[in-house]
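A.B. asks: Take this structure, written in structure tokens, and hold onto it; I'll ask about it next.
The values are calculated or read from the model by the stated rules, or taken from the named source; none is laboratory data. The structure displayed is predicted, hence computed values, not measured ones. Cβ coordinates were reconstructed from backbone atoms using ideal geometry, including for glycine residues, and neighbour counts include every protein chain displayed.
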Amino acid sequence: MHVVQGDVREHHAAMVAAAGDRDIWVVGGGDLAGQFADRGLLDEVVVGIAPVTLGGGAPLLPRRLVGRFTLQDVERDGVFAYLTYAVR
């Protein structure tokens, strides 16, 4: 794991190189994911939903990205639901 600062675009190439043929998981909240989305650097978003998060809390992403996601898959694991979206 590496912690960096600055524009996500500056670090993306290093992330891709380090990952090789594996996926890159961006973990750090909606604002960080939104920064990657704003620069066209997201291919997919996987959202895990637990019953305790329904009906309250902060928005997933702190910006409107409506129309940029297409639902690709829904999985169920016990009480959790995982929604996979392709990013356009």
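A.B. asks: Go through (1) within 14 Å of residue 87 (Cα to Cα); (2) part of a helix (DSSP H, G or I); (3) modelled with pLDDT of 90 or more one by one and return the number of the condition residue 41 breaks.
C.D. replies: Residue 41 satisfies all of (1) within 14 Å of residue 87 (Cα to Cα); (2) part of a helix (DSSP H, G or I); (3) modelled with pLDDT of 90 or more except (2).
A.B. asks: A further question follows. Which one of these is surrounded by 10 or more Cβ atoms within 10 Å (Cβ to Cβ) and among the β-branched types (Val, Ile, Thr): 27, 46?
C.D. replies: The unique qualifying residue is 46.
A.B. asks: May I ask you to list pairs of residues, at least six apart or on different chains, whose Cβ atoms are under 8 Å apart, with the first in segment 2-16 being without any contact (Cβ under 8 Å) to a residue 60 or more places away in the chain and the second being among the β-branched types (Val, Ile, Thr)?
C.D. replies: 11/4; 15/24; 16/24
A.B. asks: Output the residue which, of all residues in segment 44-88 that are of a type in the set (Gly, Ala, Ser) and part of a strand (DSSP E or B), is modelled with the lowest pLDDT.
C.D. replies: Only one residue tops the list, namely 48.
A.B. asks: To continue, here is another question. Quick check on my filter: what residues within segment 5-30 are part of a loop (DSSP other than H, G, I, E, B) and either more than 23 Å from residue 47 (Cα to Cα) or of a type in the set (Lys, Arg) (or both)?
C.D. replies: Answer for segment 5-30, where residues must be part of a loop (DSSP other than H, G, I, E, B) and either more than 23 Å from residue 47 (Cα to Cα) or of a type in the set (Lys, Arg) (or both): 5, 6, 7, 20, 22.
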